[in-house]
Amino acid sequence: MTLLICSAIDAELSPLAALLNAQKINEGHYKAAGMEFSALGVGVLLAALKLAELLAKSQYSEVIFTGSAGIYPGHGLEMGQLVEVNRAVLFDPSAEQGQGHYAQLQGGRQIPAGPRRFDLPRVAAASGIAITSDNQAAKRITQSHGAQVENLELFGVALAAWQAQKSWSAVLGLTNQVGRQGQKEWKANYLELGGKACRFLADKLSR
C-alpha cells in the first residue's frame, strides 16, 4: 500500500516531494513510487476533514505529518531543532481559563502515535482552534497537558488516522516560542525549518 505524507501547507511539503522525485498532480498534491503527498490546509478542523476524506478514498499504509511547531516554556527545547511526536493533545483556551469544560470525545483528547521512530527527541504536541499568543496561557497549557510543543493541525491528523485505524507519526521543526512573539518568529523561520524537516524525512524514507 501507499504511504501518505502530509503537511498543513504546500511550502512545508513541496521540498520533500521534490527530493523524492514526486510528480505534481495538482496544487498541494504529489505522487511518487509508493508514496503520496498532500497539503491538508491550516487548522485542526480542516486537517481532520481533509485527511479523513483522503483516507476514505484510498488505501494508505500509514500517515506521516511534517511541519512546524512552537515551543512551550520549561522543557529545554530550542528553536531550530527537529522533534518527533509521541502523542497529540487537544486543548481549548476557555477550558484552560476555567470558562468552560471538556466534553467526552470518542478516542479521547490524547491520541498516541504509531510505532514508527525517527531517532529524534520525542514530544507531545498540543492543538487548539487558535494559535496561543499569550505567555501565561502557554504556561497553563503545558502544565495542564504535559505537551512540549504546539501545532495547529496535529490532533486533527491523529484523530482522522485513529478513526480510519491507520498508524500516524510526525516530524516537526521548532520555529518559535509559544507566546507574544510566536507568530513573528514563525514567519521568520518556517521555510527554513520546514525545509530541514523535509530533508531529514527524504533521507530516512529513501534508505
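None of the figures in this text is laboratory data; all of them are computed from the coordinates on show. None of the values given here were measured: they were computed from a predicted structure. Here the Cβ is made from the backbone with ideal geometry for all residues, glycine too, and neighbour counts use every protein chain on show.
Remark: spin-label model distance Leu205-Leu3 equals 0.6 nm, labels positioned 7 Å along the Cα→Cβ axis. For the chain, adding -39500 (n - 2.57) for each run of n ≥ 4 DSSP H residues and dividing by the number of residues yields -10000 deg cm²/dmol at 222 nm. Distance between the 7 Å Cα→Cβ label points at Gln143 and Glu53: 4.1 nm.
Gain on full extension, evaluated as 0.36 nm per residue between Asn26 and Glu78 minus their Cα-Cα distance, stands at 15.2 nm. Going by neighbour counts of Cβ atoms within 10 Å, the residues Tyr30, Tyr190 line up, fewest first, as Tyr190, Tyr30. When the listed pairs Lys50/Lys139; Lys24/Lys166; Lys57/Lys196; Lys31/Lys204 are checked against a 20 Å cut-off, the alpha-carbon distance exceeds it for Lys50/Lys139; Lys24/Lys166; Lys57/Lys196. Taking Asp119, Asp92, Asp134 as the candidate residues, the one with maximal mean-square fluctuation in a Gaussian network model of the chain, Cα springs under 10 Å, is Asp119. Size descriptors for segment 2-205: radius of gyration and Dmax over Cα atoms are 15.9, 49 Å. Of Ser127, Ser169, Ser61, the residue with the greatest mean-square motion in the GNM of the chain, using alpha carbon springs below 10 Å, is Ser61. A simple spin-label model places the labels of Gln183 and Leu120 2.5 nm from each other, with each point 7 Å out along Cα-to-Cβ.
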